[in-house]
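This report refers to the structure that appears directly beneath it.
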Amino acid sequence: MAIDRRTFIASSCMTAAAFAELPKWAAIGPLREPGSRRAARATDTILVVVDMNGGNDGLNTLVPFGDPGYNAARSRIALTGSQLLRIDTKTGLHPSLANLYGYLNSSKLAIVQGVGYPRPDMSHFRSDDIWEKATLTPEDEALGWIGRTLDQLYQKDAQALHGVGLSGDVPAFHGKYVTSPVITDPSSFNYPQGAPEQTAALKALFKPGGAANRDYVSHIGELALADVDTVQAAFANYQPAVAYPKDSGLANGLSLTVAVIAADLGPRVFWIVQGGYDTHGNQLGDQGTLLRELDQSLDAFYRDLVAHGHDQRVVVMTYSEFGRRVEDNGSGGTDHGTAGLMFVLGTKVRGGLFGTPPSLTELDPDGNLKFSTDFRQVYASILANWIDADPNPILFGNYPTLSFL
């Protein structure tokens with residue numbers, strides 16, 4: 001009988017007590033053998049997804065300062081041409097994105113404009129689900145787009161480590177065959193602190209067994225403990241070559257990503273969340289701080305990859321579940337809107353602006369921006385041209401690719 005892991009744990013006091021002593025760990029997907037790894041190949045490409053969660057305001061990120069409609073709609077929060085990092089006579093990047101501006105000029109950063117999907121939903125939860133499952137009817141789909149990707153590529157090698165979540169349980173990773181661990185804190189992804197007999201007792205409780213139908217929870221515990229040695233060794237042997245921003249969950253996640261990549265543990269996909277972009281008020285200050293954290297963290301990550309010799313293998317893709325409305329509100333912020341933008345960063349990226357910038361005057365019936373690029377086109381481009389997967393069955397359709405890879 002199929003059983004939900006959370007329901008099982010909640011219904012068993014003994015299991016809950018045992019899990020309290022395990023590393024803070026979760027498995028996304030079905031079972032794989034503990035401690036398994038796949039030897040990385042020099043040709044393996046890697047995708048790092050950064051979720052700019054909350055609905056980043058694309059119009060104040062890639063700013064159409066030369067459009068009269070922009071200044072007319074945003075009397076409180078409009079950025080002027082003199083403040084911006086100018087791309088051309090009408091468009092500029094937010095001043096907090098100085099490093100990304102440099103990568104754009106060196107053709108390592110692609111910016112995809114006007115990104116969205118048909119019949120947009122401005123609920124955070126619903127829109128997140130659509131992006132993570134890559135379908136407009138997420139309630140009909142149990143698996144995530146990355147889970148389907150890893151299943152397609154590694155169904156016959158499902159016991160190995162192919163993906164890592166660094167920001168909690170991510171539905172995008174849910175797959176039928178391949179399991180991906182979640183590592184939010186290296187200090188917690190470890191053996192329990194205390195007397196050695198505690199660790200020995202846990203190992204005895206979750207000891208390896210050969211039975212074909214081992215208990216699900218016991219296997220999860222066994223898997224968590226077995227992965228500790230491999231992952232902790234990677235963290236222990238990794239020395240960052242650059243200084244990352246301090247007190248930043250995003251920077252910490254990116255640094256841990258380099259540690260796993262440098263250790264050749266084999267994952268092809270990583271996922272990190274940077275929250276806080278729901279800027280209904282004080283947007284100029286809050287968005288500026290968040291974009292500066294993003295900019296400095298991605299710059300440190302890229303330079304760290306270069307120093308470790310892995311920049312040729314890695315592409316970063318950012319997304320946000322929706323954009324903001326054209327006009328600002330009375331609180332110095334913006335409310336939930338539609339079309340936004342995506343960044344794609346990497347040594348192998350063909351940089352520049354892609355897609356059509358949204359019109360500020362030809363709006364949809366609700367007064368929101370009309371999207372010009374379906375987000376699944378960006379996914380398809382990365383799947384086909386970077387991950388080497390067939391995007392059509394993963395995305396439930398044929399989406400034209402873009403030429404940034």
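Each reported figure results from applying straightforward, stated rules to the coordinates on display, with no laboratory input. Worth saying up front: this structure is predicted, and the values here are computed from it rather than measured. A quick note on method: Cβ atoms are made from the backbone with ideal geometry, for glycine too, and the neighbour counts reach across all protein chains shown.
Each peptide in 375-383, 105-113, 281-289 was scored by the mean count of other Cβ atoms within 10 Å over its residues; highest first, the order is 375-383, 105-113, 281-289.
Legend: residue pairs 108/156; 133/156; 108/246; 246/370, Cα-Cα distance threshold 27 Å; pairs beyond threshold, 108/156; 246/370. The alpha carbons of segment 314-405 stretch over 46, 28, 19 Å along the principal axes, in descending order. Cβ under 15 Å from residue 107's Cβ, residue 107 left aside: what net charge do those residues give with Lys, Arg +1 and Asp, Glu -1? That sum, taken over residues with Cβ under 15 Å, equals +2. Each peptide in 388-398, 269-279, 333-343 gets a packing score, the mean of other Cβ atoms within 10 Å over its residues, and the list from highest to lowest is 333-343, 269-279, 388-398.
Computing Rg and the Kirkwood Rh from the Cα coordinates of segment 227-310 gives a ratio, Rg/Rh, of 1.05. According to the calculation over all Cα-Cα pairs in segment 41-128, the P(r) per 5 Å bin from zero is 3, 11, 17, 20, 17, 15, 10, 4, 2, 1, 0 %.
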